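First the structure, in the form of structure tokens, and then the observations on it.
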Amino acid sequence: MITTMNYVKLSLVNGAVLGLVLGPWSAVVALAHAPTTPAAGVGLGACARFEQAAHKLEHKVGERHDRLLAKKTERMTKLTERRADRLATRTEHRVDWTERRDEIFDRLEAKADTDAKKQALATFQQVVNTAVTTRRAAIDAAANTFHQGVDGAVNARQQAAETASQVFKKAVADALAKAQTDCAATGADAAAVKETYRASVKQARETFNTARQAVEKMDLETLNTVRKAAFQKAADDFKATMDKARADLKVAFGE
């Protein structure tokens, strides 16, 4: 296995990504299960309580939304930093490998004491350089495809979470607005107002939970599998090319 295969740590990637999408979502879930039923009553007092409950809920929603955005930004920053660190490590390894390759080329040039050996060495160097370029391009392409896939999955999941949250908040707000209107009406039935409100909130929560379960089914296994397969193919192709190039050079050098 070539050293390039060690550059990407699947556990770090998956941990960062899952932290990015699961952290904010847990706050949305908490919002869905926050108490929303105001005290029972009818008339102006009940209307005032419904309105107070609405304002409290709106305030909690705003606070949680702000925390969601802050967490999202923080986790995206960490994910970007980890990618940058892995890219820096990969680049550093490539520089080291290039330096070792050049040292080997220098030693071989010292042994090439005939025109035939010099020609064979030139061919060997060209094959090695092409193989290295091809392998690095394949690794970079696979990594970029993986990152794009992760970003797309994260964005889609966050959008689904945001949509579910907005639908839930609107449903609760509509239920509160209806309760305010109903409880202010002349001859309103307090029990009926309260029951209608509770039923509306229950339906909103059920809809939200269904959306949440659908969102939580996201995984990165397919992306991981495709990336690992691409890395392995790049390693295998490189090894096969290098083995043949070494064998041909040994024959030319009479070894």
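The values are calculated or read from the model by the stated rules, or taken from the named source; none is laboratory data. Worth saying up front: this structure is predicted, and the values here are computed from it rather than measured. Ideal geometry is used to build each Cβ from the backbone, glycine not excepted, and the neighbour counts take in all protein chains shown.
Within region 178-221, the residues that satisfy the criterion of being touching a residue at least 40 places away in the same chain (Cβ under 8 Å) and within 30 Å of residue 148 (Cα to Cα) are 208, 209, 211, 212, 214, 215, 216, 218, 220. Six or more apart or on different chains, Cβ atoms under 9 Å: show the pairs whose first residue is in region 135-146 and free of Cβ contacts under 8 Å to residues at least 24 places away in the same chain and whose second is surrounded by 16 or more Cβ atoms within 10 Å (Cβ to Cβ). Listed by first residue and then by second, the contacts come to 137/234; 140/90. Within region 210-255, being under 28 Å from residue 156 (Cβ atoms), among the hydrophobic types (A, V, I, L, M, F, W, C) and part of a helix (DSSP H, G or I) holds for 211, 214, 215, 223, 226, 229, 230, 231. When 110, 161, 84, 131 are checked against the criterion of being surrounded by 15 or more Cβ atoms within 10 Å (Cβ to Cβ) and modelled with pLDDT under 95, a single residue qualifies: 161. Only a single item in (1) surrounded by fewer than 17 Cβ atoms within 10 Å (Cβ to Cβ); (2) over 40 Å from the mean Cα position of the chain (by Cα) is not met by residue 193, and it is number (1).
Within this structure, residue 123 fails the test of being assigned to a helix (DSSP H, G or I), without any contact (Cβ under 8 Å) to a residue 60 or more places away in the chain and under 19 Å from residue 243 (Cα atoms).
Could you please tell me which pairs satisfy a Cβ distance under 9 Å, a separation of 6+ or placement on different chains, a first residue in region 230-255 that is over 12 Å from residue 123 (Cα atoms) and at pLDDT 95 or above, and a second residue that is of a type in the set (Lys, Arg) and part of a helix (DSSP H, G or I)? Short answer, once both residue conditions are applied: 234/135; 234/136; 235/135; 237/135; 238/135; 241/135.
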